[in-house]
Amino acid sequence: MRDPRTVLRRALLLAPTGLTLFVFMVIPMGLMGWMSVLEPDTYGGVRWHALSLDAYVQFWYERDLDDSLILNTAYMEIFLRSFLLAGFATLATLVLGFPTALYIALQDERTRQRLILLISIPFWTNLLVRTYAWMLLLRNGGLIDSGLGALGLGSGALDVLYTPTAVAIGFVYSFLPFMVLPIYTSLEKMDWRLVEAAFDLGANRWTALRRVVLPMALPGIAAGCLLVFIPALGSYYIPELLGGGKSLMIGNLIQNQFGTARNWPFGAALSFTLLALVLLAMIVYTRRFRQAPGE
Amino acid sequence: MPSIENRLWRFHGVAPTAWLAFVYLYLPIVILVVLSFNANKVATLWTGFSFDWYLRVLENDNILRATRNSLVVATGATVVSTFFATLAALAMASGPFRGKGVMNAMLGLPLLVPEIVTAVASLLFFLALGLELGLTTVLIAHIVFCLPFAYLPIRARLEGLDPRLAEAAADLYASRWQAFRRVTLPLILPGVVSGAMLAFIVSLDDFVITFFVAGAGATTLPVYIFGLIRMGITPEVNAISALLLMVSIAFVVLSYRVGRRPS
């Protein structure tokens with residue numbers, strides 16, 4: 001069956017993409033893992049032959065003057081804050097996104113296509129610029145502030161911009177399409193006669209939703225949660241722009257290591273930890289639903 | 001197809017929530033575009049209609065240089081990644097084979113790994129190789145993350161293709177190349193165009209990875225805009241941001257029209 005020419009042709013077709021991804025994606029990730037266990041050089045860079053777990057120790061402990069280790073919670077707080085904000089974003093997009101996906105799935109074919117395009121457009125447009133738009137809306141004297149003032153609801157300045165609340169608003173806004181699209185993809189295949197059948201068998205709306213619709217939507221919901229949680233966790237400029245310096249997240253901490261802090265191994269260790277968490281989540285998802293998230 | 005009398009329809013709150021979601025998604029975009037035409041120097045205070053800030057943007061050499069960098073990188077990344085992705089999609093469409101799973105996983109990596117991780121890994125890789133950061137490193141990084149975006153629409157198009165068409169061409173004594181050139185290529189062309197457009201827009205929009213791997217001379221438009229935003233909210237930023245948004249939206253709508261599967 002195996003025609004050597006077919007095999008060769010296939011290999012040649014796959015080579016450019018495969019090699020590009022291997023050399024410029026897989027190898028760099030490995031290199032990053034290796035650099036995370038090296039000693040930092042004084043002005044950025046690493047000492048190539050000096051193995052050290054300092055980068056991972058540094059996350060938990062601080063070295064005192066007498067070289068003893070004392071627990072340092074600063075980095076853990078940043079991780080915790082990142083997980084909380086990303087978790088909140090996931091929950092909020094789910095609460096907003098599931099009904100939206102359901103609504104779209106219940107329209108006729110043409111309307112569905114249009115609404116999906118409407119959901120997709122923000123997905124493809126510049127997120128940096130759209131984050132900036134929220135700065136216009138949220139800042140003191142901005143539209144929401146003056147709008148509330150005009151209605152007599154505002155009591156002084158809004159003071160939302162440069163707080164974790166602003167970051168949360170930005171996250172929900174940015175990642176909502178990532179939640180709606182996979183849930184919609186699950187619901188699209190739904191045979192709605194099943195729901196009718198559930199009603200005929202005496203189920204009320206809530207039971208029908210919980211026992212018939214929700215199980216169908218589950219792979220989409222799980223994929224959506226991953227697709228929101230992961231980019232939110234590693235987000236850099238949304239907390240940078242909307243959160244000000246105060247609500248530092250993992251992404252900002254990583255960027256710092258290549259900017260002012262000049263500690264490449266620590267930056268590599270943080271990135272590598274993030275990567276490991278993501279891959280773990282992927283494996284769990286693929287095992288559970290037997291398909292890649294987003295498919 | 002759900003019937004109109006479907007009782008789930010009356011599940012309270014579904015429609016209002018959906019509309020809330022749409023308003024939430026579009027309100028900031030609309031506000032930004034409206035404010036970009038604002039005459040007032042205070043970026044959020046409306047006083048009158050004006051094109052001034054757009055003219056100001058078009059006269060700004062730094063913005064023009066950054067735009068040129070962006071276009072050069074996006075064009076290069078689009079051409080290369082679409083070409084590579086088309087070849088790969090053709091191979092991936094042919095039956096099961098060893099290594100298909102690995103290939104799929106690698107194609108998924110740029111989509112699933114957080115941008116900041118890719119950015120750090122690429123930066124360290126380039127620095128370890130001793131490459132000077134600049135347009136070349138930006139271009140390489142962009143080709144990598146554009147690959148899956150170019151690949152997916154082409155793959156989807158091939159999925160819906162009837163393999164008997166190519167077989168029929170072979171029966172009519174077409175060579176492999178002729179069958180590809182005259183039968184397969186025209187059929188997947190909308191997917192290729194759609195993939196190329198998505199690659200272009202993803203490249204044009206990228207900030208995080210570019211921010212890490214661009215040297216001083218390779219500032220792209222989003223990197224430049226980020227610098228401006230950090231310094232403060234100004235009408236110029238409104239105008240350039242609105243321009244970038246409108247270009248992206250035009251591209252997505254166009255790509256959607258081209259890439260739609262024939263019904």
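Bear in mind that the values in this text are calculations on the coordinates, not laboratory data. Quantities reported herein were computed from a predicted structural model and do not represent experimental measurements. As a convention, Cβ positions derive from the backbone with ideal geometry for all residues, glycine included, and neighbour counts pool all protein chains shown.
Structural remarks
- Mean Kyte hydropathy of 0.0 or more with a Cα span along the axis of at least 20 Å, helices from DSSP in chain B: B:14-36, B:61-92, B:115-129, B:135-159, B:185-205, B:235-259
- Test item: A:31-37 mean partner chain Cβ contacts at 10 Å: 4
- With helices as the sole contributors, chain B gives -24000 deg cm²/dmol at 222 nm; each DSSP H run of n ≥ 4 counts as -39500 (n - 2.57), and the sum is divided by every residue.
- The fewest-to-most ranking of A:35, B:197, A:282 by surrounding Cβ atoms within 10 Å reads A:282, B:197, A:35.
- Neighbour net charge for residue A:251 - beta-carbon separation under 13 angstrom, K R +1, D E -1: -1
- Only the Cβ atoms of Lys and Arg (+1) and of Asp and Glu (-1) were treated as charged; on that basis the dipole of the protein assembly as shown about its Cα centre amounts to roughly 1800 debye.
- Shielding of peptide A:92-102 by partners, expressed as the average count of other chain Cβ atoms within 10 Å per residue Cβ, is 4.
- Square roots of five times the Cα gyration tensor eigenvalues for the protein assembly as shown, Å: 36, 33, 27
- Cβ-based charge dipole, the stretch A:74-289, positive-most Cα from A:165, A:149, A:88: A:88
- q = 0.17, 0.29 Å⁻¹, the stretch A:96-145: log10 I(q)/I(0) [Debye, one scatterer per Cα]: -0.69, -0.97
- What the pair-distance distribution of the stretch A:153-192 shows, using all Cα-Cα distances binned every 10 Å from zero, is 24, 28, 22, 16, 9, 1 percent.
- Computed on the stretch A:4-71, the Cα convex hull volume stands at 125 Å³ per residue.
- The charge dipole of the stretch A:56-211, taken about the Cα centre with unit charges on the Cβ atoms of Lys, Arg (+1) and Asp, Glu (-1), comes to about 720 debye, rounded to the nearest 20.
- Cα shape, the stretch A:148-231, gyration tensor, a/c 1.5 rule: oblate
- Relative contact order %, chain B, counting alpha carbon pairs below 8 Å whose residues are six or more apart: 29 percent
- Put simply, the Cα atoms of chain A extend 78, 75, 34 Å along their principal axes, the longest span coming first.
- Percentage of interatomic Cα-Cα distances in the stretch A:33-80 larger than 18 Å: 42 percent
- Cα coordinate range in the stretch A:100-183, projected on the principal axes (Å, largest first): 48, 27, 17
- As a proxy for reagent exposure, A:275, A:80 were ordered by neighbouring Cβ count within 10 angstrom, fewest first; the result is A:80, A:275.
- Ranking of A:225, B:146 by neighbouring Cβ atoms within 10 Å, starting from the fewest: A:225, B:146.
- Rounded to the nearest 20 debye, the dipole size of the stretch A:1-61 about its Cα centre is 600 debye, using +1 on the Cβ of Lys and Arg and -1 on the Cβ of Asp and Glu.
- Shielding value for B:22-31 is 6, the average number of Cβ atoms from other chains within 10 Å of each residue's Cβ.
- Restricting the calculation to alpha carbons of the stretch A:1-139 gives Rg and Dmax of 24.9, 72 angstrom.
- Cα convex hull, the stretch B:60-259: 136 Å³ per residue, rounded to a whole number.
- Taking chain A as a Gaussian network of alpha-carbon nodes connected by springs under 10 Å, the highest mean-square fluctuation of the residues A:166, A:232, A:150 belongs to A:150.
- Note on the stretch B:116-219: semi-axes of the ellipsoid equivalent to its C-alpha gyration tensor, largest first and rounded to whole Å, are 39, 14, 11.
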